[in-house]
1. Which of the residues spanning the stretch 113-134 are crowded, with 19+ Cβ neighbours inside 10 Å and in a strand (DSSP E or B)?
2. Looking only at residues that are touching a helix residue (DSSP H, G or I) at 6+ places or on another chain (Cβ under 9 Å) and in a loop (DSSP other than H, G, I, E, B) in the stretch 180-204, which one is farthest from residue 24 (Cα to Cα)?
3. Identify all residues within the stretch 25-51 that are assigned to a helix (DSSP H, G or I), surrounded by 12 or more Cβ atoms within 10 Å (Cβ to Cβ) and either free of Cβ contacts under 8 Å to residues at least 40 places away in the same chain or touching a helix residue (DSSP H, G or I) at 6+ places or on another chain (Cβ under 7 Å) (or both); write none if there are none.
4. Count, please, the residues in the stretch 240-265 that happen to be part of a loop (DSSP other than H, G, I, E, B), more than 12 Å from the ligand (Cβ to nearest atom) and crowded, with 23+ Cβ neighbours inside 10 Å.
5. Please verify whether residue 234 is surrounded by fewer than 19 Cβ atoms within 10 Å (Cβ to Cβ), outside any helix (DSSP H, G or I) and within 16 Å of the ligand (Cβ to nearest atom), treating the condition exactly as stated.
6. Sort out which residues of the stretch 151-163 are assigned to a loop (DSSP other than H, G, I, E, B) and within 15 Å of the ligand (Cβ to nearest atom), and write them in order of number.
7. Are any residues in the stretch 205-231 touching a helix residue (DSSP H, G or I) at 6+ places or on another chain (Cβ under 9 Å) and part of a helix (DSSP H, G or I), and if so, which ones?
Ligand SMILES: [Fe+2]
């Protein structure tokens, strides 16, 4: 369907609505989460905010430990067998990203990766943690790699994930040579993000960001979650602006992701362990769950 004048008006109204709604958090916290997503973690004291830990201060860090090589090779082999299998994985609507339907079912060894991140997570969360989602996906190249102004294909536009700000994400790299050209995720530290948000240099994910891009490139503020097979990155996608990078033609980027939340007392969850629920997003794009 063609994009009409009325669609444009409707779109601008919804952007304005989002900007107005997030004004308090923009000024108070330097992010675009709801006020409750910013305040509940403070009330609950879920995170050791006074820690010198880079995840608290900068919003991301490369894990000191790398995955055991034999284990990550075994996981990679299983991943490669199913990532292109239509019965076990699903292509997203852009056709440029493939996700494994139930990673823990097909690759149960993923749970054996927990000891490599356990100490970092127990250090970050005051009252323990719970890993509530595990996803595994591959991103493919696209000609937009060459464009200065890219359209959305798979989170490749600067954005925040919308959750409580005590949520963490973990990326476990499943390829060697993940770098600027081959699809390394881009991330800005908390301070840079706050400055861009408070100064309105970042307005909304759907608004033009070429000026912001020029500024952060000039000031060398873009960090890349790069590395090799078995490298682990821990980051806060609710406080740090981030974006996927499109791999150059001929490259792919494979990843396993953990989503981590503070442990809730009086829940029937297992503290400091996996408590994964059915993945509703994958359910929505496939009928295979
Ligand atoms: Fe994201």
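Here, each number is a calculation from the coordinates, and none is a lab measurement. Please read these numbers as outputs of a predicted model, since none were measured by experiment. Note: ideal-geometry Cβ built from the backbone for every residue, glycine included; neighbour counts use all protein chains shown.
1. Listed by number, the residues that qualify are 125, 129, 130, 131, 133, 134.
2. The extreme case among them is 181.
3. 25, 26, 28, 35, 38, 39, 42
4. 3
5. So residue 234 fails the test.
6. Within the stretch 151-163, 152, 153, 154, 155, 156, 157, 158, 160, 161, 162, 163 meet the criteria.
7. Scanning the stretch 205-231 gives 212, 215, 216.
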